[in-house]
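One structure is given below, encoded as structure tokens.
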Amino acid sequence: MAVNGDKQMQQITEKTDTSKDIKILAIESSCDETAAAVVLNGRTVLSNVISSQIALHTLYGGVVPELASRKHIEKINQVIEQALADAQVTLDDIDAIGVTYGPGLVGALLVGVAEAKAIAYARKLPLVGVHHIEGHVSANYIEHPDLEPPFLCLIVSGGHTHLVIVRDYGEFEILGRTRDDAAGEAFDKVARAIGLGYPGGPKVDKLAREGNPDAIVFPKGKLGDNPYDFSFSGVKSAVLNYLNSASMKGEEVNRADLAASFQKSVVDVLVEHTMLAAKEYGMKKVAIAGGVASNGALREAMEKACRRRKYTFYRPSPILCTDNAAMIGTAAYYEYIKGTRHGWDLNAIPNLKLGER
């Protein structure tokens, strides 16, 4: 049983026959992408449809939760129909429905959860709720058929920065997490401060390629009590102070140098913590996941660090780093074959912690 406030959520365990092919219809609506996918046996993506809301939220400089929820309602049936058509299947061919139920924006999550429950109920199909971050980790399984737990994974997104050991499918040992801002959140705030707008992460990454990463020395967050925890509020504040100081002095700021220097400070910390954990825990397989895992500087630095130490490095393609339903379908498959089934009381849990059910 998993606990949601004072209410228990029904979770049934059933034996699963894995001798036959299993097709999962997956739904993802945790933030500003409405997505659906059909995944075969956890590793083969038959379709992956994403309807992005970036153009809408760019007008406001960030995601507006109420608008996101309304747009999900408009698009959810369309993306599911397209996913089934692209996969050349119908609901009669589907074995289970997987859906993200947390963490995320509560209104956005509710759209996907309600849709998944309706389809599962109408078609008498098993319902499997998926943790959004477990989905991000699972994106690695799609492109790396050889990857099996255990391995070390750095999860970096707009709302999360976790360093975990993936002990088994869906089973995580959390070594470290951010104490304040997530890495992606820091990217977005710095992007806004230097006038790049939304979405900040990709724009900082692009501008940083034109700058000198050693032009400005920004601090790297160090936490003495846990060497694997992260802190990015300090470097964010340092960037804001640098900009304010330059403004008061009437000095021109080289935005490319600032972006490159800020990005270097964040990437260095992410790589250093990951390499330290890999050494201390004897992990030879290292993966990254989450939206910030599409950052070019992070991917390059992590690959170089792993190559130097003879670790095997895994990372999803950028399209699978951002929110998508294929990764949810993969995570749902491994939960499904373990016997996880959710009841009709499955609800959206916006602050769902990794490892909770």
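The numbers here are math on the coordinates, done by the rules we state, and not lab data. Just so you know, these numbers come straight off a predicted model, no measurement behind them. FYI the Cβ positions are ideal-geometry reconstructions off the backbone, even for glycines, and counts take in every protein chain you see.
The table below lists the values:
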read-out: Low-density loop cleavage sites - GluC sites (Glu not before Pro) in the range 249-357, where at most 11 other Cβ are within 10 Å (DSSP); value: Glu251, Glu252
read-out: Helix-only mean residue ellipticity at 222 nm for the chain, each DSSP H run of n ≥ 4 adding -39500 (n - 2.57), per residue, nearest 500; value: -14000 deg cm²/dmol
read-out: Shape of the chain, Cα gyration tensor, a/c cut at 1.5; value: prolate
read-out: Which of His57, His342 has the fewest Cβ neighbours within 10 Å, and the rest in rising order; value: His57, His342
read-out: Under 11 Å from the Ser247 label point (7 Å along Cα→beta-carbon), backbone N, the range 192-236; value: 193-195
read-out: Derived scalar couplings ³J(HN,Hα) [the range 195-204; Karplus, 6.51 cos²θ - 1.76 cosθ + 1.60; whole Hz; x for Gly, Pro]; value: x, 8, x, 10, x, x, x, x, 6, 5
read-out: Cut-off under 5 Å, modelled amide H: who pairs with Tyr314 long-range; value: Val286, Ala287, Ile288
read-out: Pairs beyond 20 Å (Cα-Cα), from Lys264/Lys285; Lys71/Lys203; Lys20/Lys285; Lys23/Lys124; Lys236/Lys285; value: Lys264/Lys285; Lys71/Lys203; Lys20/Lys285; Lys236/Lys285
read-out: Cβ-based exposure ranking for Lys189, Lys285, in which fewest neighbours within 10 Å come first; value: Lys189, Lys285
read-out: Trypsin sites (Lys or Arg not before Pro) lying in DSSP loop within the range 201-280, provided at most 14 other Cβ fall within 10 Å; value: Arg209, Lys222
read-out: Residue with peak Gaussian network fluctuation, the chain [Cα springs, cutoff 10 Å], from Tyr336, Tyr60, Tyr198; value: Tyr60
read-out: The range 183-246 - charge dipole about Cα centre, Lys and Arg +1 at Cβ, Asp and Glu -1, debye rounded to 20; value: 160
read-out: Prolate/oblate/rounded call for the range 87-196, Cα gyration tensor, a/c under 1.5 rounded; value: oblate
read-out: Listed residue pairs exceeding 28 Å between alpha carbons, taken from Lys249/Lys304; Lys75/Lys338; Lys222/Lys279; value: Lys249/Lys304; Lys75/Lys338
read-out: Cross-link reach list, aspartates and glutamates versus Lys206, counting only Cα pairs under 16 Å and skipping chain neighbours closer than eight places; value: Asp188, Asp257, Glu300
read-out: Cα centroid separation, the range 221-281 to the range 82-126 (Å); value: 40
read-out: Helix 296-309 axis, angle to the chain major axis (alpha carbon atoms, nearest 10°); value: 90
read-out: ³J(HN,Hα) computed for each position of the range 126-141 - Karplus, 6.51 cos²θ - 1.76 cosθ + 1.60, integer Hz, glycine/proline x; value: x, 10, 10, x, 10, 6, 4, 6, 4, x, 4, 4, 5, 4, 5, 5
read-out: Within a Gaussian network of the chain (alpha carbon springs, distance under 10 Å), most fluctuating of Ala35, Ala277, Ala55; value: Ala55
read-out: Charge dipole (debye, nearest 20) of the range 148-315; +1 at Cβ of Lys and Arg, -1 at Cβ of Asp and Glu; value: 400
